[in-house]
Amino acid sequence: MIGSAHLAGVVGARLVAASGITIPHIDYTAILPELILLGGMLLLLAAAALSPRPLPTEAYATATVGLATASLVTSLVLWRDVTDRGPLTTVAHSIDVDGFALFFLVTISCILVVAPMLGAGYLRRERISGPEYYVLALISGSGAMFMASANDLVLVFLGLEILSIPLYVLAGLDHRREASGEAAMKYFVLGAFSSAIFVYGIALTYGATGSTNLAEIGAFLARNVVTSDGVLIGGLGLLLVGFAFKVAAVPFHMWTPDVYQGAPTPATGFMAAMAKAGGFAALLRVFVSTFPSLRSSWQPVVFVLAALTLLVGAVVAVVQSDVKRMLSYSSINHAGFVLLGLQAATARGVAGSLYYVFTYGLVVLGSFAVVSLVGGSGEDRHDLARFRGLGRRQPVIATAFAVLLLAQAGAPFTTGFFAKLYVVEAAAAAHSYLLAAIAMGSAAIAAFFYLRVVFLMFSDAGAAAPAGEGATARAVEAARPAGIEPAGAAGGSWVPEPSGAVATMVAPVTRSAAADARSVSSGVVALDVSGEPPVATSPWILAGLGICVAVTVVFGVWPQPLVEFAHQATLLF
Amino acid sequence: MGSLDSYLPILILFVLALAFAGLSIFASKLLAPKRPTSAKEAPYECGIVPTEGPPQRFPVRFYLIAMIFVIFDIEIIFLFPWAVVYNELGRFGLVEIVVFAAAVFFSFLYLLANGALDWGPVKRIRPVTAAAQRTTSSTVRRVGAGSGEAA
């Protein structure tokens, strides 16, 4: 049975020999969440291929939600096992299913439960059929899970690639839009570049320590004092650069605004949530648990990274007039907050980062879903003016968006408040007072642009038109002063000039828009033309949005369970 | 310093490679007789003389076929070493390779269903809705000759 050591992979075989175990044991229950996602993904592909006629996108969404729920339940069962019996190590020590990994497994499963709900409405609206969105999301999620439970740099890299490659494709999913293709290309080129840097970091680390296994590297560094540590520090630096690219930390953030803006909006939300979850999982594990002895070398670097990320993310977001772009810069700002926990390099800091990643994932998914709804068909209307008076036109959506934005700003009674509180607290406890101050300053700057959108949504400027002229209430509410935008489009058809728009509006794509257009009298049509297109919601998006908001508010008012979870996760490192 | 010593052979090899390339170019410049003719200057010295340039764009299907080929090529690369140590690996190895082959096969099914191997006139497997500004006249450029018969 010695030969079966080869099975564990190139690295595994060597490690098996080193640790004296001759038979590599693959504990399939330990990697069951990943297996569920990957197996389900294959079945989805097969179902799509074998079904005589194209399945509706909702069928795929239902299946994906089911798979993600199964993986969530499995992760929670594993969590119970791990708290009872301690961490599981399998596949020749290259996978370590501990509390830390399981926290991320739960986070990733939650993202995967919500993402298909938010994606289904969008895909139907843009008439993109096929299982690709869901299949790619599942692969990407399994990659992030492998990153979270990886105990070997090679597996971290594999997870990183499994996470990233589907994201490149997701960015270009709407291949009819030029911006989407451009985003995919940019993301691919820069992502491949950062992966190469990361691999070089692995190579140098291996050269310096003689192992790619995180536990062995940690043990080596604990036993030996590296007197000339140039290679090791170089490797560490390259690893950090690779991770910083993935989580979009300044100055490696250049791709973020363009990619986030160009990608289909639900894919943007998924990308932001998933890449950050996977990236930070591996980043925290590699740096805090493997290289604590080199803390004095990497902490200052992370300090600078975090400070730059916090400030650039917040300041540049202020001047954005495009909400999608603003949210991408704000996601950079959030990455800075998570880096705060890494810089502290304490159990408290890591717990804060974990909590932050979990809450951020759901908040960002929901936020981008709202942007997608307001952007309307064709996805070219994301400027701030579009959100004016949304509170009157779509009170439910506007309220949900307001809650999510307030959570991002860190308002009390939302998860965002505790997320920011814990990382800043951890930074202060680790005597990084300057960084804590920078973080709070950037939060204050960030609050400005979040609140601006909230005020805009609930400002009364949208109701300038005289009410009740034989028009439906909705048509009047949809109207707002002309001049900011040339003309609104009814459910998808862009109308260049107001004249002749009446004819165009009778045959729009959305049914609700058609009803509106037919029911308004000619006097009000002019108003409606200068107004906003109605936001076409779907029960799927509303359900997904509901989950995001519910989690944000419930755990914002009652954070204890989630805090306990994050805290325990760091104890079971 | 100690850890860097082991990289010295790589550096030497690097220098040697550079020196070899440089010396070869220099030597051929110095020693080779130069009697150029038009045939020698052509990109390919033998074969049929080209009358027109190759088409700028190939149909996407060629690339699809190439990618499918690469996927199965990789599968074979994994199958060979597995076959060599089949007896040592036993049932466990068989299960693992079947899982791997199944993953490739399901992907292949998906490709087939999407018409990756269909030649001839395009069958619409899914309704294609293109953006209004993209039409056949704006995105497709006819290449090569045959101006009369193309219409």
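Where a number appears in this text, it was derived from the coordinates with a stated rule and is not lab data. Everything numeric in this text was worked out from a predicted model, so none of it was measured. Cβ atoms come from the backbone with ideal geometry, glycine included; neighbour counts cover every protein chain shown.
Brief remarks on what is shown
- Size descriptors for region A:387-464: radius of gyration and Dmax over Cα atoms are 15.4, 53 Å.
- Size descriptor, Kirkwood hydrodynamic radius, that averages inverse alpha-carbon separations across region A:290-388, Å: 15.0 Å
- Peptide A:39-51, shielding by other chains (average Cβ, 10 Å cutoff): 4
- Cα gyration tensor category, rounded, prolate or oblate, for region B:58-117 with a/c compared to 1.5: oblate
- Average beta-carbon neighbours from other chains, 10 Å sphere, peptide B:108-114: 5
- Across peptide B:89-101, the mean count of Cβ atoms from other chains lying within 10 Å of each residue's own Cβ comes to 2.
- With a simple spin-label model that places each label point 7 Å from the Cα along the Cα-to-Cβ direction, the separation between B:Val98 and A:Asp380 comes to 5.4 nm.
- Cα shape, region B:1-124, gyration tensor, a/c 1.5 rule: oblate
- Distance (nanometres) between label positions extended 7 Å along Cα→Cβ at B:Ser24 and B:Ile71: 3.8 nm
- Gain on full extension, evaluated as 0.36 nm per residue between A:Glu178 and A:Val315 minus their Cα-Cα distance, stands at 46.5 nm.
- Using the Cβ-Cβ distance between B:Phe105 and B:Val85 with R0 = 25 Å, the FRET efficiency computed as 1/(1 + (r/R0)^6) comes to roughly 0.65.
- Ordering A:Phe100, B:Phe26, A:Phe252 by the number of other Cβ atoms within 10 Å of each residue's own Cβ, fewest first, gives B:Phe26, A:Phe252, A:Phe100.
- In terms of its C-alpha gyration tensor, region A:60-210 comes out oblate, because a/c is 1.5 or above while a/b does not outweigh b/c.
- Sorted by Cβ neighbour density within 10 Å, fewest at the top, the residues B:Ile25, B:Ile48, A:Ile111: B:Ile48, B:Ile25, A:Ile111
- Legend: ranking of residues A:Thr107, A:Thr346, A:Thr268 from fewest to most surrounding C-beta atoms inside 10 Å; resulting order A:Thr346, A:Thr268, A:Thr107.
- Taking label points 7 Å from Cα along the Cα-to-Cβ direction, B:Ser38 and A:Arg85 give a separation of 8.3 nm.
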